[in-house]
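The values are calculated or read from the model by the stated rules, or taken from the named source; none is laboratory data. Quantities reported herein were computed from a predicted structural model and do not represent experimental measurements. Ideal geometry is used to build each Cβ from the backbone, glycine not excepted, and the neighbour counts take in all protein chains shown. Surface accessibility is based on the protein's heavy atoms, side chains included, excluding ligands, DNA and RNA. Shrake-Rupley method; radii C 1.70, N 1.55, O 1.52, S 1.80 Å.
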Amino acid sequence: MTAPLRPGLLLLLLGLLLGLLPGVALAALRSEVLDNFRDTAAWPARPSDQVRANLPPDGDGSQCQDYDIAGVSGYAVLRRTEAL
């Protein structure tokens, strides 16, 4: 017949198990670059009504959205479709 676990030992084992779970989960994740943001054609500007927006080319390869809200409430976003 085995002796029952003491409550303190059970809490210690539970704490160790819970402490190791995040590390195991992070090890299962992998790092992958989905987009390096160098192709501006893949990111069309999508403004709301009465808002103008575009993505002009920049000399150093970076992206900068140019927009004009024109005194109205609205938004301007860049959107890309990506297969996940």
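Listing for the model above:
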read-out	value
Residue ID - surrounded by the most Cβ atoms within 10 Å (Cβ to Cβ), chosen from residues in region 28-41 that are acidic (Asp, Glu) and without any contact (Cβ under 8 Å) to a residue 12 or more places away in the chain	39
Members of region 43-80 that are acidic (Asp, Glu), modelled with pLDDT of 85 or more and assigned to a loop (DSSP other than H, G, I, E, B)	49
Residue that is nearest to residue 80 (Cα to Cα), among those in region 42-70 that are within 26 Å of the chain's Cα centre (by Cα) and open to solvent by 60 Å² or more (accessible area, probe 1.4 Å)	46
